[in-house]
Every structure is written in structure tokens, then in C-alpha cells.
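Engineer: This is the structure I have questions about; it appears just below.
The values are calculated or read from the model by the stated rules, or taken from the named source; none is laboratory data. It should be emphasised that the depicted structure is a prediction, and the values quoted were computed from it without experimental measurement. Backbone-built Cβ (ideal geometry, glycine too); neighbour counts: all protein chains shown.
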Amino acid sequence: MGGQSTVVLAEDDPGLQDLVRFTLESDGHAVEAYGTGDDCWERLTDGERPDVVVLDITLPGMDGMDILERLRRDDELAEIPVVFLSAREKDDDAVADFAAEADDYVTKPFSPSELRTRIDRLL
């Protein structure tokens, strides 16, 4: 992996946001964190294309599933790798459908090393 990669994170829990930021920044990634789905979507459509997006499923405003659906329909953004980060069970029917569209899925609580490994695998 050459150079610094950019990770856009949508997570409404400030403690988890800090943990993910610390974990990924300590590996040399630039992390841009957003507490609402709407702010995350605005960043994705107005900013430079990130290398990977980490989405909580349950967010204020637009949720992670909505963001993923919009990403996959957008020709400019469709190929960005997406990792779901959620306390919801992967076998919940709705979550399973969207997890199939995501590139990976990490269940909360998670170990920082697991998240780090999954992000690095996508870059």
C-alpha cells in the first residue's frame, strides 16, 4: 500500500469514533469522521474520493444502508470499498441484504486489530 489512504467513517458514538480514528491513524491512514449519515453523504459527494468507507448501520439522518445503496448507484462512487460496522446481527434479513453489497462487515464490539486487518485487506 503506497502513500496515506483516506478512510471516511460514519459513526455516531463519539467513543467508537475515537477508537476507530486512533486505530486507523496509528497505521498511517487519514480518517475523516462524521456523526450523521447526512454529513457523511455530503462529504462523499463533495470531497475527494476516499479509499474506503466505514459505515455504522444505525445513524442519525440517512442510515448506513441508505448511504451504501446510494454509493452503489453512483457511477463515480460505486467502486469504493465499504465496511459495515454495526451491533446489528448480520443474519437480520435487512442487514444481510445490505451486508451482501458491502465489501466487509465488522460486528460491535470489535477488536481494533480485526478492524485494522479488514481495512488493510481492502486497500
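Engineer: Kindly indicate whether ASP27 is at pLDDT 95 or above and either touching a Ser or Thr at 6+ places or on another chain (Cβ under 9 Å) or not hydrophobic (A, V, I, L, M, F, W, C) (or both).
Structural biologist: no
Engineer: Tell me which residues, restricted to segment 30-48, are modelled with pLDDT of 95 or more, under 24 Å from ASP120 (Cα atoms) and either outside any helix (DSSP H, G or I) or among the acidic types (Asp, Glu) (or both).
Structural biologist: Scanning segment 30-48 gives ALA30, VAL31, GLU32, ALA33, TYR34, GLY35.
Engineer: Which one of these is at pLDDT below 95, part of a helix (DSSP H, G or I) and in contact with a strand residue (DSSP E or B) (Cβ under 8 Å, 6 or more places away or on another chain): PHE98, PHE84?
Structural biologist: Sole residue among the options that is at pLDDT below 95, part of a helix (DSSP H, G or I) and in contact with a strand residue (DSSP E or B) (Cβ under 8 Å, 6 or more places away or on another chain): PHE98.
Engineer: Name the residue that is surrounded by the fewest Cβ atoms within 10 Å (Cβ to Cβ), counting only residues in segment 1-37 that are over 18 Å from THR107 (Cα atoms), charged (D, E, K, R) and without any contact (Cβ under 8 Å) to a residue 60 or more places away in the chain.
Structural biologist: GLU25
Engineer: If a residue has to be more than 12 Å from LEU115 (Cβ to Cβ) and touching a Leu at 6+ places or on another chain (Cβ under 7 Å) to count, how many in segment 1-31 make the cut?
Structural biologist: Going through segment 1-31, the residues more than 12 Å from LEU115 (Cβ to Cβ) turn out to be 1-6, 8, 10, 12-15, 17-18, 25, 28, 30.
Filter once more, keeping what is touching a Leu at 6+ places or on another chain (Cβ under 7 Å): 1, 5, 8, 10, 12, 17.
Final tally of qualifying residues: 6.
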